[in-house]
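Presented below is the structure to which this report refers.
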Amino acid sequence: MVKKGTTNNWRYKIKTMLSELTINNVVLIDKLDLEFKSGLSVLTGETGAGKSILLDSLGLVLGNRAEVSQIRQGTEKLSVTAVFEGEGKKEEVSEFLKEYEIETDGELVIKRTLDKNGKGKIFINDQLISAKLLKEIGKFLVEIHGQYDNQGLLNPANHKSILDAYGNYKDLKQTVKRCWQEYKQAEKARQEAEANIAQAKEDEDNLRHWVEELERIGTYSGEEEELSQKRLELMNAEKLIDNLKAAYSSLNGNFDIVSALRQAQTAMEKANQIVAGKYDAIVDILEQSRINAEEAQNEIEEATNNINLNQNELDKIEERIYALRGIARKHQVSVEELPELLEKFKQRLNNLEMREDGLQNLRQKEEQARLLYKEQAKELSSQRKATALVLDGKVMAELAPLKMEKAKFITQIEEQKPEEWSEDGIDKIQFTVSTNPNSPQGPLNKIASGGELARFMLALKVNLAQTSNVSTMIFDEVDAGVGGATAKAVGERLARLAKDVQVLVVTHSPQVAASGNHHYKVEKDTQQNVTTTQVRELNGIERQEEIARMLAGETVTQEARAAAKVLLSA
């Protein structure tokens, strides 16, 4: 078992193996604590001992449906806890867990409970999650072959990504994805242009009328504010004149401030001559003050003369403001936005007038993008077909030793209709099999029987192990219906597979059991009319005895023990 604390930062791990499984009150299991190791682990036991209960319990922490009927009789609640540990980089799990803010530190602990009222809870590293999320996470952790026909390799929706991972042409896939996005963008631009032109055609008469109307009124940015200020001045013209005259009189009345400043300046200039320019600053201030006073008098006089008392001018301004606000209300904009609105209307008319040239250009760009995408997708399709031939050949090479020499495995690759194309290319990909020479090819999980299906899975997984998304695989009775050399071949392939991933296999075959790195026995124990299922790991002598039992049946003979020893030594 991988010891706790020996790995750091689980979210960056590649191999995520099942290290511990704790089961409480599930059907015949009272309390069970199991430790699993890397490599090939075999589980054996007599029929009905409870091997399926063990797999069902594991299924609970992978997201399978929990039933109240699974609670052990006489107890109130079941619970299952699984610990996953690993090493290496595991980006898929990392990104998925980050999305849900699930923290991990060296291990992933999943716990699930269910009480008799049907109320259950699911925790990942003490964080409460939903059953739906657990099922998604479970896909990254374990594959179970032989029972769940909708997972992993048996789901045609996964076959394309599985083949692509095996072919390892990531750069080409990225190129196809980029070309697809550019094609879709070009298509969208053309569709939007067509929609705009169609709308513009409907509004063409209105557009021309609105443009003429706005050009005739001829407004500009800031006009409303300017007109409002002029109107305010015209409405208060008399008050303005009175105030300006009062200001002028103050500067040029009985006390002439300009004359006073001029006199003061003359006196200071004479004094300044005596002190050799000591008062230059004062002289300058008086001079500037006099100049400012004179300028103020002139400005006030000019402002007074420029005040407009013409009532007609006021009427014209009010009419202009009313017209501007009226047309703004008509188009549901502010007066300030009218110049911008005019430009928009002109642009729509311009688009309409140039529709054929502009639209044709967009169509050409779209077609160029489509052809480039198709070219790259065709190249990807060629790579896939070449990869499929290699995979098919390797899988077929595995079938004969598995007593399936008449079976045929073919990866079907068909070009889809254009409306079905995607960023993944133009291909529909499906793994198909036929189990007899005259049988038609069909979907993996529709054609093969349970035992055949498990062996097909094994043949595939042996070749796909290094590209698999999971690092723990479970095979349920993969040896069903075979024995002798075929069972030995099954065991050999499971052992090969276990070099890349952790493998657990439920088996009735002594040849398969002898191939394991670790051996667990599932057995029933009845005490005081209470039956429980127990699981224990066997040591060398116990393991030899169990394999001898599998060879001989109820009565274990010395010959069976000798044969078991031979199998184990091999």
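The values are calculated or read from the model by the stated rules, or taken from the named source; none is laboratory data. The model shown is predicted, which means the values in this text are computed figures rather than measured ones. No Cβ is skipped: glycine too gets one built from the backbone with ideal geometry, and neighbour counts run over all protein chains shown. Just so you know, the surface numbers come from the protein's heavy atoms only, side chains and all, with ligands and any DNA or RNA stripped out. Shrake-Rupley method; radii C 1.70, N 1.55, O 1.52, S 1.80 Å.
Here are the numbers for the structure shown:
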item	result
Filter result for the condition that a residue is among the charged types (D, E, K, R) and touching a helix residue (DSSP H, G or I) at 6+ places or on another chain (Cβ under 7 Å), over E294, E226	E294
When residues of the stretch 388-402 are limited to those that are surrounded by fewer than 16 Cβ atoms within 10 Å (Cβ to Cβ) and of a type in the set (G, A, S), the one modelled with the lowest pLDDT	A400
Selected residue (criterion: farthest from the chain's Cα centre (by Cα)) from residues of the stretch 524-570 that are charged (D, E, K, R) and modelled with pLDDT under 90	E554
Qualifying position, being modelled with pLDDT of 85 or more and under 32 Å from the mean Cα position of the chain (by Cα), among I144, I129	I129
Where a residue in the stretch 93-107 is at pLDDT 75 or above and its partner, wherever it lies, is in a helix (DSSP H, G or I) and among the basic types (K, R), with Cβ under 9 Å and at least six apart	L97/R11; K98/R11; I102/R11
Total residues in the stretch 409-420, condition surrounded by 14 or more Cβ atoms within 10 Å (Cβ to Cβ) and farther than 16 Å from S382 by Cβ	2
Residue identified as within 15 Å of I23 (Cβ to Cβ), surrounded by 23 or more Cβ atoms within 10 Å (Cβ to Cβ) and out of contact with any Asp or Glu (no Cβ under 7 Å at 6 or more places or on another chain) among G50, G59	G50
Complete set of residues in the stretch 253-296 that are loosely packed, with under 15 Cβ neighbours inside 10 Å, among the small types (G, A, S) and part of a helix (DSSP H, G or I)	S259, A260, A267, A271, A281
Only listed residue being more than 49 Å from the chain's Cα centre (by Cα) and more than 16 Å from E337 (Cα to Cα), chosen from N196, N206, N236	N236
Out of K184, K170, K188, sole residue that is without any contact (Cβ under 8 Å) to a residue 24 or more places away in the chain, open to solvent by less than 70 Å² (accessible area, probe 1.4 Å) and within 23 Å of W421 (Cα to Cα)	K184
Where a residue in the stretch 389-405 is under 14 Å from A454 (Cα atoms) and among the aliphatic types (A, V, I, L, M) and its partner, wherever it lies, is open to solvent by less than 40 Å² (accessible area, probe 1.4 Å) and not in a helix (DSSP H, G or I), with Cβ under 6 Å and at least six apart	V395/F409; L399/A407
Output for the stretch 222-252, where each listed residue is open to solvent by 90 Å² or more (accessible area, probe 1.4 Å) and in contact with a Ser or Thr (Cβ under 8 Å, 6 or more places away or on another chain)	K245
Search result, residues across the stretch 313-335 that are within 46 Å of the chain's Cα centre (by Cα), of a type outside the set (V, I, T) and open to solvent by less than 90 Å² (accessible area, probe 1.4 Å)	A328, H331, S334
Residue among I429, I447 that is touching a strand residue (DSSP E or B) at 6+ places or on another chain (Cβ under 7 Å) and open to solvent by 50 Å² or more (accessible area, probe 1.4 Å)	I447
Tally, over the stretch 406-427, of residues that are free of Cβ contacts under 8 Å to residues at least 24 places away in the same chain and outside any loop (DSSP other than H, G, I, E, B)	4
Residue list for the stretch 348-369, restricted to those being closer than 26 Å to I426 by Cβ and open to solvent by 60 Å² or more (accessible area, probe 1.4 Å)	R363, Q364, K365, E367, Q368
Subset of the stretch 184-235 [in contact with an Asp or Glu (Cβ under 6 Å, 6 or more places away or on another chain) and on the phi > 0 side of the Ramachandran plot]	none
Only one of E202, E213 that is in contact (Cβ under 8 Å) with a residue 24 or more places away in the chain and either open to solvent by 80 Å² or more (accessible area, probe 1.4 Å) or of a type in the set (D, E) (or both)	E213
Checking S434 against (1) of a type in the set (S, T, N, Q); (2) over 25 Å from G138 (Cα atoms); (3) open to solvent by 20 Å² or more (accessible area, probe 1.4 Å), the condition it does not meet	(3)
Tally of residues being in contact (Cβ under 8 Å) with a residue 24 or more places away in the chain, closer than 20 Å to I197 by Cβ and not acidic (D, E) across the stretch 343-375	12
Residue within the stretch 210-230 that is among the hydroxyl-bearing types (S, T, Y) and under 20 Å from E299 (Cα atoms) present	no
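Okay, residues lined up against (1) part of a helix (DSSP H, G or I); (2) surrounded by fewer than 21 Cβ atoms within 10 Å (Cβ to Cβ):
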residue: N469; (1), (2): no, yes
residue: A485; (1), (2): yes, yes
residue: K499; (1), (2): no, yes
residue: H519; (1), (2): no, no
residue: T531; (1), (2): no, yes
residue: E545; (1), (2): yes, yes
